[in-house]
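These notes concern the structure reproduced below.
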Amino acid sequence: MFLETTADFMEVVNWSRAQFAMTAIYHFLFVPLTLGLSFLCAFMHTQYYRTGEEFWKRTTKFWMKVFAINFAIGIATGIILEFEFGTNWSNYSFFVGDIFGAPLAIEGILAFFLEATFVAVMFFGWDRVSKGFHLTSTWMTAVGANLSALWILVANAWMQHPVGMTFNVETARNEMYSFWEVLLSPVAINKFCHTVLSGFVLGAVFVIGVSAWFMLKKREERFARQSIKIAAIFGIVSSILLITTGDKSSRLIAEFQPMKLAAAEGLYDGGENADMVIIGVFKPADRIEPGEDPFRFGIRIPGLLSILSFHDRNAYVAGINDLINGDEEHDLMPASEKIERGRVAIAELGRYRQAIKDNDSSTAEEVVQKFSPDTPEGREFLTEYFKYFGYGYLQSPDDLKLNVPLLFYSYRLMVGCGMWFVLLFLLVLYALYRKKGSLPFPKWLQYAMLWSIPLAYLAGQAGWIVAEVGRQPWTIQDLLPTVAAVSRIDAGSVKVTFFLFVILFTTLLIAEVMIMTRQIKIGPKNDE
């Protein structure tokens, strides 16, 4: 029997979602800078190792301090995120814990201990260990920080595109049959590369912006110039690679999450040679009817959406209405039919439980055979019915509809900022390498460098809005909706912890900004 939702239970669902979203937003204010700045510190430390020049030691130490502040505060939010899977999302943890728990465990055992081992040597090993081992520790800290991201992103990518698993009807849980399929999924590999590269870009923008502040204050000119040079080269290379992974993301989303693509593009009615709206303003309407233009104003490029999604101008791109109502010509099943098939799968699972309770072995064996991929009957049932298991928990096709304006504007904010960063890095490199005086940057460019820092954080948050809001109503795409994943707990408890976490994380964020700002104002120092 499908899940009956009540107002009280939906309050738990909504507050649990809000709490997890809030925690993730705060956590990702710290993570990307750690990813990018760790490698920038390693590059600068390598320069010190090569030259033995005191200047590079001062420069490396300064950026290491900034990294340390961000690294330390970022750990707290990440730990709380993992605890929330057990407190707020226990049904989810029960249903797929055998799969989802594996990369999280590896992240804790391998990557975190790798970071913890070498980070102390990186910070305190100056003149205590050999220069070679100290440099190795800095590089291993950077590798460890990014390995942590790998396992977290593998887990997240699996939620976007679940692979490498089979459903065990006897335990009512999904079980992993191929770790390598989970790890090497094209969605996982691309998500890791795209997210890490976005962190590299943010780290580069951050270093350039802080260095521009020193230039505006007419302090530490050589330090600022050399920091900008390394960050700009690192940033432009990362940006170019980021564009390639973004292109791959579009094609993967078109293949595995067409509703997310349609919502992010404001596409209600699909078709071949689909246009892409570069800039648009939505009509203030709750429902867009088939054939109705959802935009008050829009600048379109004909065929671009088909090209980006499938590398084929004539490719068909499904719209929101097509995915809800179905399109027989393009083999799109109506959402209502998916819901009915999902309820059949849920009913069969309920029939198995009742058979076990009644000690009816013949019925239990019959149901087991239906869920078995080793029999023709099982393969047919899994393909025709269990594939839509998660839809059976939805109340109506309207549950599949997304916040289209939020996704549309967030996607364009992310892409627009990314384009600006490419231009910024090119302008900075041009100014650096032209032979006109010792101060290569005009004032307007220095201010642009400084005020690009908040844009980098906005771009990262916008990207995660597209990724996670675009996945709704699913915790696991097409397999488990949020209404079936949440814990049966009191809504008041979730509300209390939500506001406690808001206060705690806001305090941590303010503390980080104050401490980091203080260290930046002090600037690089000579060793006493």
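The values are calculated or read from the model by the stated rules, or taken from the named source; none is laboratory data. Treat the numbers as computed from the prediction; the structure is a model and nothing was measured. Cβ placement follows ideal geometry from the backbone for every residue including glycine, while neighbour counts extend to all protein chains displayed. Heavy atoms of the whole protein, side chains included, go into the accessibility calculation; ligands, DNA and RNA do not. Shrake-Rupley method; radii C 1.70, N 1.55, O 1.52, S 1.80 Å.
For Asp293 and Lys443, the difference between the fully extended length at 0.36 nm per residue and the C-alpha to C-alpha distance is 49.6 nm. Summing charges over neighbours of Leu104, with a neighbour being any other residue whose Cβ is under 13 Å away from its Cβ, gives -4 when K and R count +1 and D and E count -1. One chain, two ends: Asp398 and Asp8. Fully extended at 0.36 nm per residue, the span grows by 138.4 nm beyond their Cα-Cα distance.
With R₀ fixed at 25 Å, the C-beta to C-beta distance from Thr375 to Glu181 puts the FRET efficiency at about 0.70. A simple spin-label model places pseudo-atoms 7 Å from Cα toward Cβ; at Glu365 and Leu423 they are separated by 7.1 nm.
A 1.4 Å probe run over the protein chains yields, for segment 43-118, 40 Å² of accessible area per residue, whole-number rounding.
Normalised per residue, the accessible area of segment 190-285 is 36 Å², obtained with a 1.4 Å probe and no contribution from ligands, DNA or RNA. Roughly what would the spin-label model give for Ala120 and Arg50, points 7 Å off Cα along C-beta, in nm? Using points 7 Å along Cα→Cβ, the separation is 3.2 nm. Loop-resident GluC sites (Glu not before Pro) (DSSP state other than H, G, I, E or B) in segment 156-209 with no more than 14 further Cβ atoms inside 10 Å of their Cβ: Glu170. When the solvent-accessible area of the chain is split by element, carbon and sulfur atoms take up 62 percent of it, the probe being 1.4 Å. Between segment 202-231 and segment 488-521, the C-alpha centres lie 29 angstrom from each other. A cut-off of 5 Å between modelled amide H atoms, ignoring neighbours fewer than 5 places along the same chain, links Ile278 with Ile299, Arg300, Ile301.
Which parts of segment 244-276 would a label at Ile301 reach, counting a residue when its backbone N lies under 15 Å from a point 7 Å out along Cα-to-Cβ? Residues 244, 246-248, 250-251, 265, 274-276 qualify, since their backbone N sits under 15 Å from the label point.
Between the beta carbons of Arg219 and Arg128, assuming R0 = 25 Å, the FRET efficiency works out to 0.25 to the nearest 0.05. A simple spin-label model places pseudo-atoms 7 Å from Cα toward Cβ; at Ala511 and Met333 they are separated by 5.1 nm. Between (i) 25.6, 88; (ii) 25.1, 101; (iii) 24.9, 82, which matches Rg and Dmax of the Cα atoms in Å calculated for the structure shown? The value matching this structure is (i). If the segment from His311 to Arg251 were pulled out straight at 0.36 nm per residue, it would be longer than the present Cα-Cα gap by 20.8 nm. When you filter the trypsin sites (Lys or Arg not before Pro) in segment 263-337 for DSSP loop state and at most 13 other Cβ atoms inside 10 Å of their Cβ, you are left with Arg287.
Given H placed 1.01 Å from N in the peptide plane, which residues other than close sequence neighbours of Met165 have an amide H under 5 Å from its amide H? Residues meeting the amide H criterion: Tyr177. Give the distance, in whole Å, between the Cα centre of segment 147-195 and the Cα centre of segment 70-110. If we compute the Cα centre of each part, the gap is 14 Å.
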